[in-house]
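Undergrad: Below is the structure I would like to discuss, written out as structure tokens.
The values are calculated or read from the model by the stated rules, or taken from the named source; none is laboratory data. The structure presented is a predicted model; accordingly, all values stated were derived computationally and were not measured. Note that we place each Cβ from the backbone using ideal geometry, even for glycine, and neighbour counts take in every protein chain shown. Heavy atoms of the whole protein, side chains included, go into the accessibility calculation; ligands, DNA and RNA do not. Shrake-Rupley method; radii C 1.70, N 1.55, O 1.52, S 1.80 Å.
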Amino acid sequence: MKVPLLDLKAQYSEIKNEVGQAITEVIESQHFIMGPKVKQLEDEIAGYVQAKHAIGVASGTDAILLSLMALDVGSEDEVITTPYTFFATAGCIARLGAKPVFVDIEPRNYNIDPTLIEEKITKRTKAIVPVHLYGQAAEMDSILELAKKYDVAVVEDAAQAIGTEYKGKRVGSIGDFGCFSFFPSKNLGGYGDGGIVTTNDDAYADKLRVLRVHGSRPKYYHEIVGCNSRLDAIQAAIVSVKLKYLDAWTTKRRENACWYNDAFNKLGLADRVLITPHESNDGRHIYNQYVLRAKDRDKLMQHLKDNGIGVEIYYPRPMHLQGCFKSFGYGEGDFINSEDAANETLAIPVYPELTDKQRQYIVDTILKYYKDS
Ligand SMILES: *Cc1c(COP(=O)(O)O)cnc(C)c1O
């Protein structure tokens, strides 16, 4: 049996006609840049995330970059974030000339440890960027409390977390900005790059709308320097079709995750493949990834690959150890929980279309590995 890590073809076959029609509508309308489809998706996402505004941009990376630009983050500033994330989180901070100040993760849920943030706040700190990794919410109450106390902004990297909830609130509506990605492998992915920023603040929303069109208003008059970072109309049309199905897909991902948790517990494997706790922070985990943790991760990974199962490491090298950030002076041992996670975590298939047989095969293959080793 072969099980890919993610099967987007299975999803496409269910929505093929609707997507085809949506793309055709954009082409027929000749509204390729901005226009009604982008506006429609912005309204829909604002509603879904329960935020006042949503501003479409070219990617999840640009969602973070433009949010930091809206805060005027520059070379004098520091921005606090987690070293255990996708590169974009830290990369956007560095691209603006600011210093990414890392704070280690809680090993329990892989998100920034809120108890370690305060000691890193200085006069230069401009923002905190928590990441809702794998689709599970970071501990937002503590982060908001610190942000208020020290008057710094909060930019939520919610690229993996559309529909994730924290104490009944949707992520992306909690901090000053919420940054989402429509990269194809996210839970709500387009057929190319795309992203969106959510905010409840009218002035930030206004600034983001100007920043994404080279800082111009009106056209050809520039008060600030911005980017060309618009959400493509064809992508907006596709994502809009997919949004209607998102809750049903999320339910299936959560069912798969629960099923795995039960299976690993029943088989006595729970302490061999330490599973992410389900629903900590009394929130809703949307399982962009279902992640195991094993001391002998590399061998287990090879065994799964040899048996036709798609797996991936998110992420093999924490940000503080990336070559491009050498000048910031971080070194090995600085963030031990992130380093251990990088050595031990492994994502297995959890996508909505996964069949009972496939799930069973994956668990059986893991069980066989531990029986034989
Ligand atoms: C995917 C992702 C991004 C970047 O999104 P793109 O749309 O690929 O630019 C940023 N942060 C995290 C945590 C991500 O997973």
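Undergrad: So, in segment 331-343, how many residues would count as being open to solvent by less than 40 Å² (accessible area, probe 1.4 Å) and more than 20 Å from the chain's Cα centre (by Cα)?
TA: Here the count works out to 2.
Undergrad: Does segment 227-278 hold any residues that are outside any helix (DSSP H, G or I) and among the hydrophobic types (A, V, I, L, M, F, W, C), and which are they?
TA: Correct list: 227, 231, 267, 269, 270, 273, 274, 275.
Undergrad: Hey, among the residues in segment 86-98 that are more than 20 Å from residue 176 (Cβ to Cβ) and more than 12 Å from the ligand (Cβ to nearest atom), which one's surrounded by the fewest Cβ atoms within 10 Å (Cβ to Cβ)?
TA: 97
Undergrad: In this structure, does residue 54 turn out to be in contact (Cβ under 8 Å) with a residue 12 or more places away in the chain and in contact with a His (Cβ under 9 Å, 6 or more places away or on another chain)?
TA: So residue 54 does not fit the description; no.
Undergrad: Being assigned to a helix (DSSP H, G or I) and among the basic types (Lys, Arg) is the filter here; which residues of segment 317-344 pass it?
TA: 326
Undergrad: Only one residue in 105, 174, 117 is open to solvent by 10 Å² or more (accessible area, probe 1.4 Å) and in contact with a helix residue (DSSP H, G or I) (Cβ under 6 Å, 6 or more places away or on another chain). Which one?
TA: Result: 174 is the single residue among 105, 174, 117 that is open to solvent by 10 Å² or more (accessible area, probe 1.4 Å) and in contact with a helix residue (DSSP H, G or I) (Cβ under 6 Å, 6 or more places away or on another chain).
Undergrad: Inside segment 344-373, can you point out the residues that are within 24 Å of the chain's Cα centre (by Cα) and among the β-branched types (Val, Ile, Thr)?
TA: 345, 348, 350
Undergrad: Next question, about the same structure. Exactly one of these conditions fails for residue 350: (1) touching a residue at least 60 places away in the same chain (Cβ under 8 Å); (2) surrounded by 19 or more Cβ atoms within 10 Å (Cβ to Cβ); (3) part of a helix (DSSP H, G or I). Give me its number.
TA: Of everything listed in (1) touching a residue at least 60 places away in the same chain (Cβ under 8 Å); (2) surrounded by 19 or more Cβ atoms within 10 Å (Cβ to Cβ); (3) part of a helix (DSSP H, G or I), residue 350 misses just condition (3).
Undergrad: Inspect all residues belonging to segment 208-220 and state whether any of them is touching a residue at least 24 places away in the same chain (Cβ under 8 Å), within 15 Å of the ligand (Cβ to nearest atom) and surrounded by 16 or more Cβ atoms within 10 Å (Cβ to Cβ).
TA: Yes, the conditions are met somewhere in segment 208-220.
Undergrad: Oh, and also: Please pick out the residue among 128, 143, 80, 117 that is farther than 22 Å from residue 321 by Cα and away from the ligand (no atom under 13 Å from the Cβ).
TA: One residue alone meets the criteria, 143.
Undergrad: I'd like the residue in segment 45-71 that is out of contact with any strand residue (DSSP E or B) (no Cβ under 8 Å at 6 or more places or on another chain) and open to solvent by 10 Å² or more (accessible area, probe 1.4 Å) and, out of all such residues, is nearest to the ligand (Cβ to nearest atom).
TA: Filtering segment 45-71 for residues that are out of contact with any strand residue (DSSP E or B) (no Cβ under 8 Å at 6 or more places or on another chain) and open to solvent by 10 Å² or more (accessible area, probe 1.4 Å), the one nearest to the ligand (Cβ to nearest atom) comes out as 69.
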